[in-house]
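Taking it in order: structure first as structure tokens, then the write-up.
The values are calculated or read from the model by the stated rules, or taken from the named source; none is laboratory data. Predicted model only: the values in this text are computed from it and were never measured. Ideal geometry is used to build each Cβ from the backbone, glycine not excepted, and the neighbour counts take in all protein chains shown. Just the protein is used for accessible areas: all its heavy atoms, side chains included, with ligands, DNA and RNA removed. Shrake-Rupley method; radii C 1.70, N 1.55, O 1.52, S 1.80 Å.
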Amino acid sequence: MRFIEKTLPVEYLNPIAMAEGNAKKPVYRMHKWWARRLGSVFRTITLATFAAHDESDMSLWQRFCNGANLQGKIVLDPFMGGGTTIVEALRLGCKVIGIDINPVAWFVTKQEVEPVSLVALDSAFERLTKTAGQFIEQHYQTRCPYGHRADVMYFFWVKVAECAECGARIRLFPNYELSRRDSMNVCFCPHCLQVIETAKYSSKTECPDCGEIFDPHKGVSGRGFFHCRECGARQRILDAVERKGTKLDEELHALEGYCSTCGRFFKRVDDFDMALWKKSQEEFNRRENSLLVPDQAIPTEGRSDPRPVNHGYRYFWQMFNERQLLCLSTLLEEILRLPDQNIRELMLTAFSDCLDTNTMFCKYEIQWHKISAFFGLHAYHPIERPTENNVWGTKYGRGTFTKCFEKVRRAKEYCQKPYERLTDIRGRRFSKYTGDERIEGHGVDTFEELLCRDRAALLRCDTSEDLSFIPDKSVDAVITDPPYFESVQYSELADFFYVWLRLVLKDEYPWFAPELSSRPNEIVQNDNLGKTVEFFGKGLQRVFEECHRALKDDGIMVFTFHHNQTWAWETVAQVLLDAGFYISASPIVRSEGKSGFHSSEGNIRYDGVLVCRKQPSDWNGNSWSGIKQQILGDAADWTRRTLESDMAINRVDVFTIVMAKSIEHITKTWANPNNHTCPDEIAARLKEMEEIVDEVAQRSQAEFELQPEAYDYEVEQLALFLRESEARFGKGV
């Protein structure tokens, strides 16, 4: 028995995990990846996987804080994604095997763990500054209101639609605000576009130039519709796109700049700014055929998210304007000229990451005074008022290439001397270096090479349905985070980065040769592609069967999982049983979601850590009534511990905990051939447990007295915990 099959120190871990959910470790900020799990959680999981069951919570936590060495252990992650398992296992001294079918995931993880000279990295950036940097800066110049030379931080654009009734061209402003601060509001006139500063918001703001009186909060577009300012007709934006036959036109109307003398400022674009835009357009048109720009069409067949295609975008390059394409291509060309491959690929990582905030799918956050990342949501969300970032960057601003390079550099510096963010007895946060640990993976190509080198990393871009390159019973642990059915369409999202990375990497790595990142055997649920729940389940089962073969007999497979539907938990339980596993334990930990304003009642904020062993199980089950009582007893205990770790809980959280405990007890009862009381229908049993969760939620809202009868006592305990959470953290958390 391992420590993780006994417990996890969630009283210490959960607060650290929640803080990391709001501000991830530097290594995980190098490049966007979706649904990336928390390093602190996977560090704890890895330590607990190899710790003896009789080790104390405090002893394990001290190793978490002070450092540990698991040298010689081999950890496999068949769904490495953004590389959390790989990074944390290498940091603890393990040898790692990581596989992902998506080339972007493979590339990002490779860059996270490869060692680099920071001196050489800085030297390469200085070289780029003198070449691409100087070129790009010429295209983001302006004059401040006092006539000084200044840098543009952001250009503000608006889409323009033609009214179907009167033919007027309508600027699709959702509002007329640029900045909202305590001391000053900045808006602009809907008629003449003059930028106006006011001490506070007024619903009857008057333009000093043209006399227009308007409400800055009330624009003409929203929720997919717009109304015509001329005739008042209300119509769908998508209908305007269909009439035009392509994406809507965009009009430049304002900018935010930085002047070394005057500071930050907003202004309406003037003749100088429009002339500069025309110059960028002309240079793009002159060099268009020689620029490094992706030419792939946005795939439409089987698409999960109809956007951006239904908004008139046919090619990936159309998601950028001419100035962005010109500057991005120039930067990419200069990166290609860097002689060292390792440095070149790290700069390519910074380049790719900056695409997330250098597309015309970004908007300006008027309350936070910065651009928002395109993939803040897991979707292609078109913007009626796009914001164009300064590709290279100035003193202020977010998501520029300079800022993305700084992220890469901080990440590699962190890898050389990693630390944990902890909390002292007064609740103050501090960073603590963890001994002699480092994040450094020496790339190898074969399992035999893996055995011969410390901190070796065997990373493959391939399906994990065939792991024949790994010998039988040779892996100490499988630690992973599999795809969650339909939750994230990875390749559909990753194509945005892939088409740019491919320009440089297609001749270097064969998995970047195809036009797009999607693969027919990608394990994901997408009914539009014919990838049903059954397809997903069979693919996941084949991967788990390969893990079963490669895993040592006394090894364990651990993965995190959550879902808000019982059928998903049923599928996971059945797949594990069919693959030869059962769940021996299911601790509950804080998931990667943000807290505070980013959290809502429907969010899933906790993962079941499903600890799996090879069948048969030695668990002696009894009647279903007895199993049900054990499930609820465990669920009540983990709900209490979660609450005691200063975490809020709601009905969805209790559902997650009950489902994790249900499939644990069901699978380990089923996997013992001597049991004659195995639940014969997993779906029916899980549905019954879901109904109990509903009862818990209802009781938490009603007056009641504890009735310690059979398993009803645990139901009342769970209801009390829900009520206590609401009292401490507020309703709807």
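For the stretch 1-94, the helices (runs of 4 or more DSSP H) that sit wholly inside it and include 1 or more residues that are surrounded by fewer than 20 Cβ atoms within 10 Å (Cβ to Cβ) and under 25 Å from the mean Cα position of the chain (by Cα) are 10-22. Of all residues in the stretch 639-654 being buried (at least 24 other Cβ atoms within 10 Å of the Cβ) and within 15 Å of T7 (Cβ to Cβ), which is farthest from the chain's Cα centre (by Cα)? The qualifying residue farthest from the chain's Cα centre (by Cα) is T639. The set of residues from the stretch 331-366 being among the polar types (S, T, N, Q), more than 14 Å from F155 (Cβ to Cβ) and buried (at least 22 other Cβ atoms within 10 Å of the Cβ) comprises T349, S352. Candidates are the residues of the stretch 133-143 that are open to solvent by 10 Å² or more (accessible area, probe 1.4 Å) and out of contact with any Phe, Trp or Tyr (no Cβ under 8 Å at 6 or more places or on another chain); the one that is nearest to L328 (Cα to Cα) is F135. Considered as a group, the residues in the stretch 264-297 that are closer than 20 Å to L332 by Cβ and under 27 Å from the mean Cα position of the chain (by Cα) include one that is most open to solvent (accessible area, probe 1.4 Å), and that residue is D295. For K130, the criteria (1) buried (at least 24 other Cβ atoms within 10 Å of the Cβ); (2) farther than 22 Å from D476 by Cα; (3) among the charged types (D, E, K, R) hold in every case but one, which is (1).
Among the residues of the stretch 309-328, some residue qualifies, meaning at least one is of a type in the set (V, I, T), surrounded by fewer than 21 Cβ atoms within 10 Å (Cβ to Cβ), at pLDDT 95 or above and out of contact with any Asp or Glu (no Cβ under 9 Å at 6 or more places or on another chain). Among the residues of the stretch 408-429, are any of a type in the set (A, V, I, L, M) and open to solvent by 20 Å² or more (accessible area, probe 1.4 Å)? Within the stretch 408-429, one or more residues are of a type in the set (A, V, I, L, M) and open to solvent by 20 Å² or more (accessible area, probe 1.4 Å). Applying the selection to the stretch 193-214, what residues are under 40 Å from the mean Cα position of the chain (by Cα), farther than 15 Å from F265 by Cα and surrounded by fewer than 14 Cβ atoms within 10 Å (Cβ to Cβ)? A199, K200, Y201, S203 - these are the residues of the stretch 193-214 that are under 40 Å from the mean Cα position of the chain (by Cα), farther than 15 Å from F265 by Cα and surrounded by fewer than 14 Cβ atoms within 10 Å (Cβ to Cβ). Looking across the stretch 24-74 at every residue that is without any contact (Cβ under 8 Å) to a residue 24 or more places away in the chain and hydroxyl-bearing (S, T, Y), the one that is farthest from E5 (Cα to Cα) is identified as S59.
Residues of the stretch 564-619 that are at pLDDT below 95 and on the phi > 0 side of the Ramachandran plot: G596 alone. Restricting the search to strands (runs of 3 or more DSSP E) fully inside the stretch 232-350 and requiring at least 2 residues that are farther than 25 Å from K370 by Cα gives 234-236. Would you check if P679 is assigned to a loop (DSSP other than H, G, I, E, B), modelled with pLDDT under 95 and open to solvent by 60 Å² or more (accessible area, probe 1.4 Å)? So P679 fails the test. Out of the residues in the stretch 302-333 that are under 24 Å from the mean Cα position of the chain (by Cα) and among the basic types (K, R), state the one that is farthest from L505 (Cα to Cα). This residue is R307. The set of residues from the stretch 507-521 being surrounded by 15 or more Cβ atoms within 10 Å (Cβ to Cβ) and modelled with pLDDT of 95 or more comprises Y509, W511, F512, E515, L516, S517.
Screening D436, D445, D472 for residues that are modelled with pLDDT under 95 and surrounded by fewer than 13 Cβ atoms within 10 Å (Cβ to Cβ) leaves exactly one candidate, D436.
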